[in-house]
Amino acid sequence: MVQLSINGKKVTAEEGEALLKVARREGFVIPTLCYHELLGSSGRCRLCVVEVNDAGKKRVVASCLYPAKENIEVFTDSDEVRLVRRTVLELLLARNPSAELIQHLAKQHGVTEVRYTPDQDKGKCILCNLCVRCCKDIVGVSALGMSGKGPMKKVGPPFDEPSETCIGCGACVVICPTGHIAMEEEKGVRTVWQKKFELAACPKCKRYHLPLFQLEWISKTRNIPVEELMVCEDCR
Amino acid sequence: MALSLKQLDSITSAFNAKEQAYDKIIRVCCGTGCITSGANRVLEGVLTAVEREGLSSKVLVKKTGCHGLCERGPIVTLGNDEILYQSVGKRDVAADVDLLLKTVTEGKVADKLLFRDSARKEKYTSSLDIPFYKGQKRIVLAMNGLINPEEIDDYIAHGGYRAPFRAFQMTPEEIIDWVTKGGLRGRGGGGFLTGRKWSSARAAKGGLKYVLANGDEGDPGAFMDRSLMEGNPHAVIEGMVIGGYTIGAQQGYIYVRDEYPLAVSRLTKAIEQARDYNMLGHDVFGSGFDFDLEIYRGGGAFVCGESTALMSSLEGKSGEPRDKYVHTVEHGLWDKPTNLNNVETWANVPHIINNGLDWYTSIGTKKSTGTKIFSLVGKVNNTGLIEVPMGISLREIIFGLGGGIRGKRQFKAVQTGGPSGGCIPEQHLDMPVDFDSLTSIGSMMGSGGMIVMDERNCMVDVARYFLRFLTEESCGKCVPCREGTRRMHEILDRICKGAGKIEDLMHLEELGKALQWGAICGLGQSAPNPVLSTIRYFSDEYKAHIIEGRCPAGVCKEITTFTIMEEKCTGCMRCAAECPMGAIIGEKKEPQRIDDLRCITCGICYDVCSFDAIKIG
Ligand SMILES: Cc1cc2nc3c(=O)[nH]c(=O)nc-3n(C[C@H](O)[C@H](O)[C@H](O)COP(=O)(O)O)c2cc1C
Ligand code: SF4
Ligand code: SF4
Ligand code: FES
């Protein structure tokens, strides 16, 4: 255990524990976009920055990754921190003008004006990478990835083609913080990331529920007969 | 079988005896620069001529690494620096080869091939007298241009591979102490104390450790590391063997960008030869210590030179950096303790071990010891690769070695530190070139790029150029860098086009701070440097664009016009002859006029007018 201070308050933490966790446990508010409790940190959005004074050496760090150390002083709302956060939000608002979450956060942090020409071609994707990590670490199929670099960076299935491995589970849709990923269902067919999935109809209630492809995949990986899985959760 | 020191000495004597058996040695530079200007044809020509004339037993023809004077290539030297010939075979290979042979057989120096210093209007026979070389202190590059980089015996004969013998007599702690006291600082950019890094890597827990050499060199126009790897690959290997022993690593990797095929092939040969002599592999130098090296060819992204991105790329993943709150000396390549140094840093190590602390610390300044290699380019008379003692002034480099500004122009700024370095104005020209001084004036040492600019360089345009590069090279992982660099570029572009607002300056400074504090890696953190340093030193130029709507350097096309001043124009019509658009009208001996409708504001007329009769408006 180590002792440190956050905005002047003395707190204890596990050595190496991410400052974000420590601060949130202690009731401090730190905004985040690319952090997720189940998927951990990746340090992309930089919204979670805090200022750390480590024996006189001051720096702005990403709290979702910075490890708790003995005697450091953490400030969650210094001028430097505010400037970085507001810059991030103004830049994201220019990139994703239609993303409600960003609009909301920007307002909350006093970003009232966007001094850039807004992008029209990026949808709501802020490149937080959560969908990619979710697909890999939670679903376990790694159907998504990032490609390109700089402002051209993109997220999606490889080569922007319907992915062979995608099972159509829609987990990425749920985890996406901005609602960028479109998933549609029409006449028993689900479309996500340009791939079409035939939905299974429950033999009992006749309602469409999950993609057949996903059921087959679960059946294969967990050794459960497909027939069992065809019955929807409500009727099981 | 491991070679002993004694055997190295006998290799040396045998090699020297072999060379001394010849009357003369002709050295043809076969670095990438000279090869591009035709060195291979010259080499072939010389070899054929020597054979044809029956001189094979008297004249030895050797190929060497880069001399640094690439712009004047192909370079050929005779004897030990006695005669340097430049631009050999540029126009006529056969004729120049004849001249070369005449020098060898009749001792007749070919005037036409001598180096001419355009600023001083002088010709030099020996490279030792050329100001470009005279001001240098070549330690790391000493063997470049002298030895055949593809022959390990040549390296050994020039003192190579002695340092590991000394090092293995020392404990790792003693070596660390030695390197620390020698004050060696990383040549890859940050200037981090090498000894301290080694010490942390040695102290890090973990059986398996790695040493890496950074040969990514992504700065546009830089070729320091390339020339070193091509011209003296064994020096890097020798340094890494010592580093490996010191930190306790048994495996090393040299990360070389894919665009450097010659560096890759020379390093590959060097590694094979070193293995044959048991200087790499099992029980190296008979020390009981195992160490081997491999080359990794990197995709060539600028960001892959950043330590964590380089390691991720080496692991076969995408080259994205990560936050370094946990250091790579503890958790680096494949999560193992890893020590990364730049190739030039590695090549310094044998010299410190061989020549001792007093010698090494006597070169350079107190806090920046040794030498640094720079690639000097831009508007100076002599461009090329130079190795100078740290602490030399920018003025000595630019006006001494570089021979001053081309033509009759005035110096405006020198950009150091690569794309994310800063622009330094006239007032700081006497600043010593060392890590801390350059940082204190808003620039940095970086890996050694040095671009000289004159009054025809627009500083806003320069900032725009570098921000464009950085926008494209940003990996796109973190928001401040991915979105911030492109927006900085947008603002600069607007200013260059005459549509800037005075608030833009504050906005740029604010964005700059957000990037410095908020970005993950050095690319984003230092990306504002070109903008902030030009605003700091050349705010007048920004204001001229924004308030007066003109570009004083006559570079930004949208807001530049050229006019001929009647009273000064002699009607020589030089400009009319050079104008690519035929936009200059007038009678001979009469004042000329520019037709604005046809003019594309390329500025060629301005550059060629001998009477200063053209005005930038
Ligand atoms: C964007 C970026 C690019 C870099 N490129 C290089 C490079 O091409 N070569 C290099 O040696 N170091 C480069 N560096 C510095 C390395 O991260 C690292 O500090 C260096 O290789 C360590 O070696 P040294 O201590 O010997 O300098 C780069 C850093 C950044 C942030
Ligand atoms: S699609 Fe959504 S989850 Fe995926 S990177 Fe973009 S914003 Fe993040
Ligand atoms: S600073 Fe730029 S290059 Fe570095 S991680 Fe962030 S986006 Fe990538
Ligand atoms: S939550 Fe820490 S960088 Fe996004």
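The values are calculated or read from the model by the stated rules, or taken from the named source; none is laboratory data. Just so it is clear, the structure is predicted and the values come from calculations on it, not from any experiment. Counting neighbours? That spans all protein chains shown, and the Cβs are built from the backbone with ideal geometry, glycine included. Side chains included, ligands, DNA and RNA excluded: accessible areas come from the protein's heavy atoms. Shrake-Rupley method; radii C 1.70, N 1.55, O 1.52, S 1.80 Å.
Some observations on this one:
- Here the protein assembly as shown carries DSSP beta bridges of which approximately 70% are antiparallel, counting only pairs with both residues inside.
- Over chain B, Cα pairs under 8 Å with separation of 6+ residues give a relative contact order of 11 percent.
- The 3J(HN,Hα) values that the Karplus relation (6.51, -1.76, 1.60; θ = phi - 60°) gives for region A:81-94 are, in residue order, 4, 4, 4, 5, 4, 5, 4, 4, 5, 5, 5, 6, 5, 6 Hz. Gly and Pro appear as x.
- Region A:2-108 - accessible surface per residue (Å², probe 1.4 Å): 43 Å²
- Peptide B:479-490 shows a mean partner chain C-beta count of 6 within 10 Å per residue C-beta.
- Straight Cα distances below 17 angstrom link B:Lys209 to the lysines B:Lys197, B:Lys336, with same-chain residues fewer than 8 positions distant left out.
- Net charge over other residues, Cβ less than 10 angstrom from the Cβ of A:Ser42 (K, R count +1; D, E count -1): +2
- Rounded tilt (10° steps) of B:479-496 against the dominant C-alpha axis of chain B: 40 degrees
- Amide hydrogen proximity for B:Ile147: with H placed 1.01 Å from N in the peptide plane, the residues at 5 or more positions away or on another chain lying under 5 Å are B:Gly65.
- Of the beta bridges in chain A, as assigned by DSSP with both residues counted there, near 95 percent are antiparallel.
- Averaged over the residues of B:515-523, the number of partner chain Cβ atoms lying within 10 Å of the residue Cβ comes to 4.
- Taking amide H positions as modeled 1.01 Å from N, with prolines and chain starts lacking one, the residues under 5 Å from B:Thr369 and 5 or more places away or on another chain are B:Arg185.
- For region A:21-38, 3J(HN,Hα) per residue [Karplus equation, 6.51 cos²θ - 1.76 cosθ + 1.60, θ = phi - 60°, Hz, x = Gly/Pro]: 5, 4, 5, 5, 4, 7, x, 7, 9, 10, x, 9, 10, 9, 8, 9, 4, 7
- Among the listed pairs B:Lys6/B:Lys137; A:Lys9/B:Lys205; B:Lys557/B:Lys615; A:Lys9/B:Lys477; B:Lys108/B:Lys372, those whose Cα-Cα separation exceeds 25 Å are B:Lys6/B:Lys137; A:Lys9/B:Lys205; A:Lys9/B:Lys477; B:Lys108/B:Lys372.
- Pairs from B:Lys269/B:Lys324; A:Lys149/B:Lys497; A:Lys187/B:Lys317; A:Lys10/B:Lys366 whose Cα-Cα separation, in the structure shown, is over 31 Å: B:Lys269/B:Lys324; A:Lys187/B:Lys317; A:Lys10/B:Lys366
- For A:Ile6, the residues whose amide H sits under 5 Å from its own are A:Val11, A:Val74, ignoring neighbours fewer than 5 places away on the same chain, with H placed 1.01 Å from N.
- Magnitude of the charge dipole, region A:2-108, Cβ model with Lys/Arg +1 and Asp/Glu -1, debye to 20: 260 debye
- Electrostatic tally near B:Ser199: other residues with Cβ closer than 15 Å to its Cβ, Lys and Arg +1, Asp and Glu -1, net +3.
- Accessible area per residue in Å² at 1.4 Å probe, computed on region A:130-235: 58 Å²
- Given +1 at the Cβ of Lys and Arg, -1 at the Cβ of Asp and Glu and no other charges, the dipole of the protein assembly as shown around its Cα centre is 840 debye to the nearest 20.
- Region B:381-430 - percent of accessible surface contributed by carbon and sulfur, probe 1.4 Å: 49 percent
- Accessible-area loss of 20 Å² or more (1.4 Å probe, protein heavy atoms, chain alone versus all protein chains) is found in region A:150-189 for A:Gly150, A:Pro151, A:Lys153.
- Positive-end extreme of charge dipole, region A:130-235 - chosen from A:Cys169, A:Met230, A:Ile138 (charges on Cβ): A:Ile138
- By average C-beta atoms within 10 angstrom, highest first, the peptides B:477-487, A:221-231, A:185-195, B:463-473: B:477-487, B:463-473, A:185-195, A:221-231
- Peptide A:59-69 shows a mean partner chain C-beta count of 3 within 10 Å per residue C-beta.
- Axis of helix B:343-361 versus longest Cα principal axis of chain B: the two differ by about 70°, to the nearest ten degrees.
- Axis angle, to the nearest 10 degrees, between helix A:212-222 and the longest C-alpha principal axis of chain A: 70 degrees.
- Residues of region B:310-346 whose accessible area (probe 1.4 Å, heavy atoms of protein chains only) drops by at least 30 Å² once all protein chains are present, relative to their chain alone: B:Glu320, B:Asp323, B:Tyr325.
- Cα lying deepest toward the dipole's positive end in chain B, options B:Val179, B:Met488, B:Trp346, charges on Cβ: B:Met488
- Dipole-positive endmost among A:Ser5, A:Phe75, A:Val88 within region A:2-108 (Cβ charges, Cα centre): A:Val88
- In region A:83-126, the residues whose accessible area drops by at least 50 square angstrom when the other protein chains are added to the isolated chain are A:Leu83, A:Leu91, A:Arg115, A:Tyr116; the probe is 1.4 Å and only protein heavy atoms count.
- This model, with +1 at the C-beta of Lys and Arg and -1 at the C-beta of Asp and Glu, gives chain B a dipole about its Cα centre of some 600 debye.
- Normalising the average separation of contacting C-alpha pairs (under 8 angstrom, six or more residues apart) by the number of residues puts the relative contact order of region A:2-108 at 29 percent.
- Summing both sides, the accessible surface hidden between A and B at a 1.4 Å probe radius is close to 2700 Å².
- Antiparallel bridges, percent of DSSP beta bridges restricted to chain B (to nearest 5): 55 percent
- Remark: region B:363-374, residue by residue, has Karplus-estimated 3J(HN,Hα) of 9, x, 10, 4, 9, 10, 8, x, 10, 9, 8, 10 Hz, where x stands for each Gly or Pro and the curve is 6.51 cos²θ - 1.76 cosθ + 1.60 at θ = phi - 60°.
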